[in-house]
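Every number in this text was worked out from the coordinates using simple rules, so none of it is lab data. Worth saying up front: this structure is predicted, and the values here are computed from it rather than measured. In this analysis, Cβ positions are derived from the backbone assuming ideal geometry, glycine residues included, and neighbour counts consider all displayed protein chains.
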Ligand SMILES: Cc1cc2nc3c(=O)[nH]c(=O)nc-3n(C[C@H](O)[C@H](O)[C@H](O)COP(=O)(O)OP(=O)(O)OC[C@H]3O[C@@H](n4cnc5c(N)ncnc54)[C@H](O)[C@@H]3O)c2cc1C
């Protein structure tokens with residue numbers, strides 16, 4: 001994240017683990033989740049929610065959301081934090097939790113550093129699964145894949161769920177997700193799918209079971225034979241928990257192979273209902289993997305909205321929704337191309353809004369007051385009040401902070 005005309009604090013110098021027990025870990029908020037995970041797994045423990053990329057910081061994800069592939073039934077990193085230490089704009093250093101200074105605890109979770117800097121976090125730990133069993137399946141139809149996602153989400157019949165759309169190629173079908181390894185799929189079945197699947201996209205789904213963990217015994221293992229994927233395009237294997245968590249997400253793999261580039265992303269929450277599904281079908285008919293997305297990944301993961309408790313985090317008014325991330329790559333990396341992609345993001349997002357969706361904001365939002373006021377809707381006056389309490393002089397102007405300070409309402 002950057003800030004226009006302001007200061008950027010490099011929090012990485014505050015990255016120490018201060019204490020670790022079987023029940024919790026105390027860290028400085030500039031520590032990456034990789035540091036947290038390593039300290040925890042050394043004791044056979046894990047934080048409950050793990051993002052797909054561990055080099056994001058504890059303070060950064062608590063200020064943004066912090067979703068993992070287990071979030072659909074367990075909530076976010078914002079929901080699994082015992083206590084925070086915050087430096088406010090008034091210069092106070094306050095420890096807050098759901099029991100103590102709850103107003104500040106609520107104000108700093110998911111609000112992009114607008115009311116204070118999180119300097120320390122106490123994160124609960126629990127038993128790590130001994131290993132995980134992954135099932136990866138490839139679909140030619142978004143409707144078929146979403147139906148399998150919805151069934152497993154509502155029944156909670158997998159421990160982790162994640163999917164992505166990619167250009168229809170052999171490599172997209174046979175490569176393990178978040179990896180460069182390949183699956184031993186039947187070549188004839190792959191050829192058949194490449195020939196018969198209509199359009200330019202394939203959709204890959206990953207369903208994961210914990211083995212030997214604290215939650216894995218509650219359901220049967222995912223049965224690959226019951227998935228509605230293309231015939232034969234499914235494979236199952238096992239990994240240990242640490243190796244699973246340290247896999248590399250597609251955006252990072254893409255940059256490793258193709259070099260760094262601007263990513264004008266759109267991240268949205270789309271209701272998991274008939275309207276949401278129609279929206280997706282129409283968008284994938286229109287969007288072209290290379291010309292419109294720059295051959296970047298398009299991610300999905302499901303979420304039951306009632307598991308998110310951070311009060312200022314905005315989600316659709318639907319029981320279930322899914323994250324939809326167009327992780328576009330600007331190619332060529334020119335200001336004109338970036339503007340084009342950002343304009344198309346907002347056109348897509350208008351349609352998402354009409355379908356009852358919302359925005360997840362580590363993406364590339366427009367810089368205007370109207371966008372942010374719509375995003376927060378009825379709670380905007382509460383944000384203004386929190387600004388008056390925690391940062392009356394407007395020191396923190398990251399993200400929507402700048403509009404909060406310029407808006408007199
Ligand atoms: C490759 C990649 C994979 C990702 N995967 C996921 C994922 O699986 N799940 C998910 O939910 N998100 C994911 N994200 C998004 C991620 O959660 C956000 O980008 C997050 O903000 C990154 O944290 P950071 O440490 O880079 O924060 P920054 O980008 O540095 O900051 C993000 C925002 O938080 C504020 N902030 C940062 N640190 C603090 C602090 N200590 N106190 C107060 N405010 C602070 C900043 O002001 C800024 O507004 C991913 C991002 C990338 C680049």
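Listing 135, 27 from fewest to most neighbouring C-beta atoms within 10 Å gives 135, 27. With contacts taken as Cα pairs under 8 Å and at least 6 residues apart, region 267-409 reaches a relative contact order of 29 percent. In region 44-81, which residues have a backbone nitrogen under 14 Å from the label point lying 7 Å from residue 333's Cα in the Cα-to-Cβ direction? Answer for this model: none.
Taking 0.36 nm per residue of separation and subtracting the Cα-Cα distance, full extension of the segment from residue 253 to residue 309 would add 16.9 nm. For the chain, the alpha carbon positions stretch 66, 50, 39 Å along the principal axes, listed from largest to smallest. Here the simple spin-label model places points 7 Å from the Cα toward Cβ, and for residue 340 and residue 228 these points are separated by 3.6 nm. Sorting 375, 80, 100 by the number of Cβ atoms found within 10 Å of their own Cβ, with the fewest placed first, yields 100, 375, 80. For region 4-47 versus region 210-280, the spacing of their alpha-carbon centroids is 25 Å. Which of rounded, prolate or oblate describes region 141-272 when judged by the alpha-carbon gyration tensor and an a/c cut-off of 1.5? Judged from the Cα gyration tensor, region 141-272 comes out rounded (a/c under 1.5).
Direction-averaged projected area, Cα convex hull, region 44-162: 9.2 nm², rounded to one decimal. Taking the number of Cβ atoms within 10 Å of each Cβ as an exposure proxy, the fewest-first ranking of 94, 117 is 94, 117. Extension gain, residue 42-residue 350: 0.36 nm per intervening residue step, less the Cα-Cα distance, totals 106.3 nm. The packing ranking of peptides 338-345, 387-394, highest mean first, is 338-345, 387-394, where packing means the average number of other beta carbon atoms within 10 angstrom of each residue.
Taking 0.36 nm per residue of sequence separation and removing the Cα-Cα distance, the residue 385/residue 317 pair yields an extension gain of 22.0 nm. Post the alpha-carbon centroid distance, region 114-158 to region 341-409, in whole angstrom. Taking the Cα centre of region 341-409 as reference, the centre of region 114-158 is 27 Å away.
For region 302-361, the relative contact order comes to 35 percent (Cα pairs under 8 Å, sequence separation of at least 6). Relative to the dominant Cα principal axis of the chain, helix 380-390 is inclined by about 50°. Estimated purely from DSSP H runs of n ≥ 4, each contributing -39500 (n - 2.57), the mean residue ellipticity at 222 nm for the chain is -8500 deg cm²/dmol once divided by its residues.
Each peptide in 294-301, 376-383 was scored by the mean count of other Cβ atoms within 10 Å over its residues; highest first, the order is 294-301, 376-383.
Rounded to the nearest 0.05, the FRET efficiency derived from the C-beta distance between residue 371 and residue 275 at R0 = 25 Å is 0.65. Of all the options 371, 69, 115, the one that moves most in a Gaussian network model of the chain with Cα springs shorter than 10 angstrom is 371.
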